[in-house]
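A.B. asks: The structure follows.
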């Protein structure tokens, strides 16, 4: 979960960190307090901290949905590679697809 959140933030996407139920979200919230200022979701750090600590599912859903509705819709082009080395992943996926195609066709 921390890697996915950091990737989204690196690409300029808004994020919400929910950690009140434990797990990776709680650990990340406890270890990285500065993340609450980088979530790009339009909420102040104090409200992001409160959301992260909440266990009230109805309130979490209501608050996040209402905040997402306020955010601008922005589509951006991301250079290949982004924050992760996606070009390596794409290469591996292409090789796997080509290999499966060859096996189906009886060629190697």
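A.B. asks: Give just the number: which of (1) without any contact (Cβ under 8 Å) to a residue 40 or more places away in the chain; (2) surrounded by 14 or more Cβ atoms within 10 Å (Cβ to Cβ); (3) closer than 18 Å to residue 69 by Cα does residue 16 not satisfy?
C.D. replies: The single condition residue 16 does not satisfy is (1).
Every residue, every condition in (1) at pLDDT below 95; (2) touching a helix residue (DSSP H, G or I) at 6+ places or on another chain (Cβ under 8 Å); (3) in the same structural domain as residue 21 (by TED's automatic domain parsing), yes or no:
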position	(1), (2), (3)
42	yes, yes, yes
48	no, yes, yes
58	no, no, yes
70	yes, no, yes
85	yes, no, no
89	yes, no, no
93	yes, no, no
96	yes, no, no
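A.B. asks: While we're looking at this one, here's another question. Give 11, 40, 49 a once-over and let me know the one that is more than 15 Å from the chain's Cα centre (by Cα) and in contact (Cβ under 8 Å) with a residue 12 or more places away in the chain.
C.D. replies: Working: 11 fails: more than 15 Å from the chain's Cα centre (by Cα); 40 fails: more than 15 Å from the chain's Cα centre (by Cα).
Exactly one of 11, 40, 49 is more than 15 Å from the chain's Cα centre (by Cα) and in contact (Cβ under 8 Å) with a residue 12 or more places away in the chain, namely 49.
A.B. asks: Now for a separate question. If you go through the stretch 38-46 one residue at a time, do you hit one that is outside any loop (DSSP other than H, G, I, E, B) and surrounded by 15 or more Cβ atoms within 10 Å (Cβ to Cβ)?
C.D. replies: First, the residues of the stretch 38-46 that are outside any loop (DSSP other than H, G, I, E, B): 45-46.
Subsequent filtering for residues that are surrounded by 15 or more Cβ atoms within 10 Å (Cβ to Cβ) retains none.
Among the residues of the stretch 38-46, not one is outside any loop (DSSP other than H, G, I, E, B) and surrounded by 15 or more Cβ atoms within 10 Å (Cβ to Cβ), which makes the answer no.
The values are calculated or read from the model by the stated rules, or taken from the named source; none is laboratory data. Being a predicted model, the structure only gives us computed values, none of them experimental. A quick note on method: Cβ atoms are made from the backbone with ideal geometry, for glycine too, and the neighbour counts reach across all protein chains shown.
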